[in-house]
Amino acid sequence: MAVIGGSSSYDIHTDPNALQFTVSYADRLGCWVTNTNNSASNSVFYNMCARRGSVVNCSSLAANTYKQIMSVTGIGFLGTVVFPRLTNNNASTWTIELTIDGVVTERTTPSLGSFNTRRLVFGNITTGPDTNNPLVQELAGRAMIGDGYWDNYDGLGGRVVSVGTAYSSVVPADIQMKRGEPVLKFNTSLSVRIKSNNACAFGGSNEQFAAAVYLLNP
């Protein structure tokens, strides 16, 4: 049998500036399990993230204080970091510190309000139509049917805004790679820490959790 198109479509980066920040409406961020979209206020979402990465409780995290989200040794690929909700709607920034193979990089978002109702994501989320059919959602990829439902930041102050009724769905890092979505490679180790200039005292509905979705020692 002949093999057609043998070149890799993976989009692998070692530059931490290659991945983007995205702001998702909190009630739309989630993951698909069977026929249900489990939002980031649902414990199932974090159970799924923990299966493919790590989850950390950021409740009562003070302003300007780093929280360790993951620290691993080995070779691997980081696909997505989900930030917790903040306490109020004051204009806030988020900073992510990535230590890749011993080299530290910090990236900070532009200042934005409403982080108490929206969730910041670093890396990949898949946007799709407002439907409870997971097959349609997954095949839709980047919302060919519906509008995106997020504000997209490049981390340097640029902004692209679209509104609609799409879900923002997190998928495992290996699936992201198969789709050709950008992932961050580390060869020996990766540490991820986050902080905001506003407090994260949010609690009671699971949205005080942060998650990192990655593939380790594939």
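Multiply the residue separation of Asp15 and Ser59 by 0.36 nm, subtract the distance between their alpha-carbon atoms, and state the gained length in nm to one decimal. Don't skip to the end; give the middle numbers.
Values: separation 44, 0.36 × 44 = 15.84 nm, distance 3.04 nm.
Here the segment from Asp15 to Ser59 would lengthen by 12.8 nm.
Which number do you get for Rg(Cα) / (2.2 N^0.38 Å) in the range 10-84?
On the way: Rg = 14.2 Å, N = 75, 2.2 N^0.38 = 11.3 Å.
For the range 10-84, the normalised Cα radius of gyration is 1.25.
Read-outs throughout are calculated quantities, based only on the coordinates presented, and are distinct from any laboratory measurement. Keep in mind the model is a prediction, meaning the values are calculated, not measured.
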